[in-house]
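Remarks on the structure that follows.
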Amino acid sequence: MAPIAVGDSIPNGTLGHFDKDDELQQVSIHSLSAGKKVIIFGVPGAFTPTCSMKHVPGFIDHAEELKSKGIDEILLISVNDPYVMKAWAKTYPDNKHVKFLADGSATYTYALGLELDLGEGGLGTRSRRFTLLVDDLKVKVANVESGGEFTVTSAEDIIKAL
């Protein structure tokens, strides 16, 4: 399947997350994105170095600026279970705006065409590192990394596109 691209509509899919009352919820991407301007960014794995020290902190640090530029939601997707995503989210106590969403079986990642086989390293199927700017379910910007790079998917990169 071809990777999601500018002009495409994002597929619907259900992801797990813990709500503000610490209850496990299943939420559809369309329910979070329809009629809104959202950033969806994906990372290869929770607690991994580039994801934890660069990619996620960038979106947390720039969340207010993104909101001021019209972004309604900032959604983080990783191929991990909801409990791992909950534990990872807790390592960012200053986070107020980034929702940590679990794609445990990589179903949504496959629907986006952004799967990455890291089986040789013992990590199985993961997500390629990506950032999408989506306006009412339509992709306006699609930044996708090759391999383990972190060159076009930062919060700063998407701010330039706003």
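The values are calculated or read from the model by the stated rules, or taken from the named source; none is laboratory data. Bear in mind the structure is a predicted one, so any value in this text is a computation, not a measurement. Please note: Cβ atoms are built from the backbone with ideal geometry, for glycine as well, and neighbour counts cover all protein chains shown. Areas reflect the complete protein model, heavy atoms only, side chains present, ligands, DNA and RNA absent. Shrake-Rupley method; radii C 1.70, N 1.55, O 1.52, S 1.80 Å.
At-a-glance table
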read-out	value
Candidates 49, 11, 57: whichever shows maximal mean-square fluctuation once the chain is modelled as a Gaussian network with Cα springs under 10 Å	49
Gyration tensor (alpha-carbon) shape descriptor, the stretch 1-94, a/c threshold 1.5	rounded
Among 69, 20, 140: highest mean-square fluctuation, GNM of the chain, C-alpha pairs under 10 Å	20
Number of Lys pairs (Cα under 16 Å; 8 or more positions apart or on different chains) in the stretch 36-161	20
Length-normalised contact order for the chain - Cα pairs under 8 Å, 6+ apart - percent	31 percent
Global form of the chain, assessed from the alpha-carbon gyration tensor, a/c cut-off 1.5	rounded
Computed helical MRE - 222 nm, the chain, DSSP H runs ≥ 4 contributing -39500 (n - 2.57), nearest 500	-5500 deg cm²/dmol
Accessible surface, the stretch 1-150, averaged per residue in Å² (probe 1.4 Å)	47 Å²
Neighbour cut-off at most 13 other Cβ (10 Å), DSSP loop, GluC sites (Glu not before Pro), the stretch 53-162	149
³J(HN,Hα) computed for each position of the stretch 89-98 - Karplus, 6.51 cos²θ - 1.76 cosθ + 1.60, integer Hz, glycine/proline x	4, 5, 7, 10, x, 8, 5, 10, 10, 7
Within the accessible area of the chain (1.4 Å probe), percent carbon and sulfur	50 percent
Candidates 109, 151, 50: whichever shows maximal mean-square fluctuation once the chain is modelled as a Gaussian network with Cα springs under 10 Å	151
